[in-house]
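The values are calculated or read from the model by the stated rules, or taken from the named source; none is laboratory data. All values derive from a computational prediction rather than experimental measurement. Positions of Cβ are generated from backbone atoms using ideal geometry, with glycine treated the same way; all protein chains shown enter the neighbour counts.
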Amino acid sequence: MKKMTRRALSLLLTAAMACSLLSASVMAAPGAGDSFETVAKDANLALGTSGTASAAAAGRSVELSAPLPEEYDAAAGPVMLLVKAQDGSESALRFIRAEKSGENAVATVQQNGAARFAYAAAQLPLDQGGIEDFTVDYNAAKQTISYSGELAITSDLAILCYEGHTETERLAGLRFTCYLDDALIRTLTSVDGDDIRLTGATFNGVPVFTLNDAGVDAESGAWAEYRLSDEALEAFKGFTGSATEFVSALHGRMTMTCSGQVDRDRLRSALNADSELWSYARMEISYTGGAVPRIGAKYIVVPAAMGGGRISFADGSSDGPSGGSTPAPLIEIRDGAHTVTTITTPDGKEHSGSVSVTPGKTVTVRTKDTDPAERIRTIRVTDAAGKTVPVTELESGVYTFVVPSSRTLSISPVVASAVFDPDETGVSAVLETAKHNAFMQGYTDGSFRPGRNISRAEVAVIFNRLLKDHPAKVVDPHYEDVPENAWYKDAVDELSTLGVIRGVGDGTNFAPNAPITRAQFVAMAVRFTDATVAGRTFSDVPAGYWAEAYIRTAAYYGWVTGFEDGTFGPTRNITRAQAAAIFNRMLCRLADANAIDAGAFRTFTDVNSGYWAWYDIAEATYTHGFTMSADKTQETWK
């Protein structure tokens, strides 16, 4: 049965973020017989009045509009539609994220074989995020069906874990279930842990989830249930930081993908009368001991997203959809905070925002910086499955690529803060900038652990590794907590001799194993420069603060930018990913995005191409030759 399952559709579900605190145990998941009222009570939903509507024909999409619940609060959680297809089999409820339109909640739904729907508007008690941009793509060349989507995670769910992070037994009862459902997935006979996977979510370097169970049924589609891993529970229990720091570690976005080879006839039979395949994704969270802690509900529903579109077959062909009838991909053109991106189509017209272009056509992309503190290094083009589309750079800021067959494409500028030439800062006189050898490395299990704290000893060793010349005469500072045989002893002694390292407290200790704070890190970094300079100020770095001059200097040189609220966070611990980025800015190591996207360096199990520090981690961990543009704004690997 397992072999047949993979031949029909081998599911692969991945997640790339710090935590995805969402879903429900399969036993608790709403089924065909559940009434709207029962679900609302069990999930703490504010429910509006129910109604029914019909589509023009069975299997066609229909826009549903329902009055908002009387308890609706625009400032509270999102609004959604509870939808059940009235097709004789009483299909399981859908939880569709809706848009507020006047006094109504509006969403589009569709289910193969059903033309009549019962529905009601509901509001979540918390803003739990929702699955966005869910798409389904059929690639004619490979005959592969691909699913992809993004899930936004809010702090409410991270707080759920933080408030009980020392109560290991309670958190062990949480269950997180991912659901994918459409007429094709429902034809599967079994699904196991090899078919659906949830990976990439970490907390301080340890995996957050472990598989509990997986399966497929005619009501829910394919599902995989997870629990918090034993390693994560121990990491939670040992966490001593603030709630804000904990929430930050679990706050982000989860990317969900699912793809596999599809039998042509099976796909054809799954389409509705309009040659469409509509797919749903949803998540739920539940608790084996009863109500979900803090929330007080039997389970928490995370609104679903739908993806789908027309799939055309060439008559008499056995190769799947014909190239001529494949819909033109919708290309989304994304601007950065300080960038403008436009695309010129073969007809010579310039577009921004989004545009549809026929597969096989070549388009031209132009980018422009609008802030002198930023520069665009390249652009990144990805298809519906998240795969990188090759890009050719014609000249600075001008790129081309050939449009592939994909339901959607995304163009994003790759931006780096403008940094000072290390010859100007004095860094190149002390640290190696002419050679780009790896100065950081991953772990033996293949991970990099980007969100893990980096210790004072580890930073000392990296800086020492980057020294061009080591001091001829080393003075031992005799720190009481640095043993003679310590692996970091030489680095600490040499950097202390150079004046880069200083002790903590009364100066008798170095605290080698303590996480290094942001202030301590930039203080070490700036001591490699010729002098401190007066850069920008931060609201949480008052005049007279011990590291004020170092922090302002690092900001002036473009090594650090602070946070959106105007703070620097001097006492916050710095992560391995953040450290890699600052090291690179100090050394003017810019990373060749095109070479990295083309697979020029080995990847890590817990860092993918969508991670914010993807290029910086590649630059820091991969030894490579390079050429640098005359203005030192573009690095090309060789």
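Consider the range 207-230 and keep the residues that are in a loop (DSSP other than H, G, I, E, B) and of a type outside the set (D, E, K, R). The one that is farthest from R452 (Cα to Cα) is A218.
Just wondering, is there one or more residues in the range 140-148 that are at pLDDT below 75, crowded, with 23+ Cβ neighbours inside 10 Å and not polar (S, T, N, Q)?
Yes, the range 140-148 has at least one match.
Condition check: among the charged types (D, E, K, R), outside any loop (DSSP other than H, G, I, E, B), at pLDDT 85 or above and more than 30 Å from L467 (Cβ to Cβ). Does R380 satisfy that? Here the answer is no, as R380 does not meet what is asked. Checking A519, A525, A491 one by one, the residue that is under 22 Å from E245 (Cα atoms), in contact with a Phe, Trp or Tyr (Cβ under 9 Å, 6 or more places away or on another chain) and not in a loop (DSSP other than H, G, I, E, B) is A519 and no other. With a requirement of 1 or more residues that are surrounded by 18 or more Cβ atoms within 10 Å (Cβ to Cβ) and modelled with pLDDT under 90, the helices (runs of 4 or more DSSP H) lying completely within the range 542-615 that satisfy it span 548-556, 593-597. The selection criterion, being exposed (fewer than 14 other Cβ atoms within 10 Å of the Cβ), assigned by TED's automatic domain parsing to the domain that holds A120 and farther than 12 Å from A122 by Cβ, holds for A57.
Say we look at the range 616-638 and pick out the residues that are of a type in the set (S, T, N, Q) and at pLDDT below 90; which of these is farthest from T202 (Cα to Cα)? Steps first, answer last, please.
Quick first cut of the range 616-638, residues of a type in the set (S, T, N, Q) only: 621, 623, 627, 629, 633-634, 636.
Add one more test, that the residue is at pLDDT below 90, and what stays is 629, 633-634.
Values: S629: 37, T633: 33, Q634: 32 Å.
Ranking the qualifying residues of the range 616-638, first place goes to S629.
Assess whether T508 counts as being over 30 Å from the mean Cα position of the chain (by Cα), over 26 Å from L587 (Cβ atoms) and in the same structural domain as P450 (by TED's automatic domain parsing). Taking the combined requirement at face value, the residue satisfies it.
Residues in the range 593-629 that are touching a His at 6+ places or on another chain (Cβ under 9 Å) and acidic (D, E): E619 alone.
The set of residues in the range 504-521 being surrounded by 19 or more Cβ atoms within 10 Å (Cβ to Cβ) and at positive phi is empty.
Condition test on I501, is it crowded, with 18+ Cβ neighbours inside 10 Å, in contact (Cβ under 8 Å) with a residue 40 or more places away in the chain and more than 34 Å from the chain's Cα centre (by Cα)? So I501 passes the test. Just one of (1) at pLDDT below 80; (2) within 30 Å of P78 (Cα to Cα); (3) under 28 Å from the mean Cα position of the chain (by Cα) fails for R310. It is (3).
Residues are listed down the side, and each one gets a yes or a no for (1) at pLDDT below 75; (2) more than 23 Å from A92 (Cα to Cα); (3) aliphatic (A, V, I, L, M); (4) assigned to a loop (DSSP other than H, G, I, E, B):
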position: F236; (1), (2), (3), (4): no, yes, no, no
position: G241; (1), (2), (3), (4): no, yes, no, yes
position: E245; (1), (2), (3), (4): no, yes, no, no
position: S248; (1), (2), (3), (4): yes, yes, no, no
position: M254; (1), (2), (3), (4): yes, yes, yes, no
position: G260; (1), (2), (3), (4): yes, yes, no, no
position: S279; (1), (2), (3), (4): no, no, no, no
position: R282; (1), (2), (3), (4): no, no, no, no
position: I285; (1), (2), (3), (4): no, no, yes, no
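Regarding D481, is this residue without any contact (Cβ under 8 Å) to a residue 40 or more places away in the chain, out of contact with any helix residue (DSSP H, G or I) (no Cβ under 8 Å at 6 or more places or on another chain) and outside any loop (DSSP other than H, G, I, E, B)? So D481 fails the test.
Every residue, every condition in (1) over 28 Å from L267 (Cα atoms); (2) surrounded by 15 or more Cβ atoms within 10 Å (Cβ to Cβ); (3) within 29 Å of the chain's Cα centre (by Cα), yes or no:
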position	(1), (2), (3)
S61	no, yes, no
Y72	yes, yes, no
G77	yes, yes, yes
A92	no, yes, no
I96	no, yes, yes
A105	yes, yes, yes
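The strands (runs of 3 or more DSSP E) falling completely within the range 1-108 that include 1 or more residues that are at pLDDT 85 or above and in contact with a Lys or Arg (Cβ under 6 Å, 6 or more places away or on another chain) map to 46-54, 79-85, 94-97.
For the range 262-271, the set of residues classified as at pLDDT below 75 and in a loop (DSSP other than H, G, I, E, B) consists of V262, D263, listed by residue number.
I'd like the full set of residues that are surrounded by 19 or more Cβ atoms within 10 Å (Cβ to Cβ) and acidic (D, E), limited to the range 459-497. The answer is D493, E494. For the range 109-120, the set of residues classified as at pLDDT 90 or above and within 22 Å of G307 (Cβ to Cβ) consists of Y119 only.
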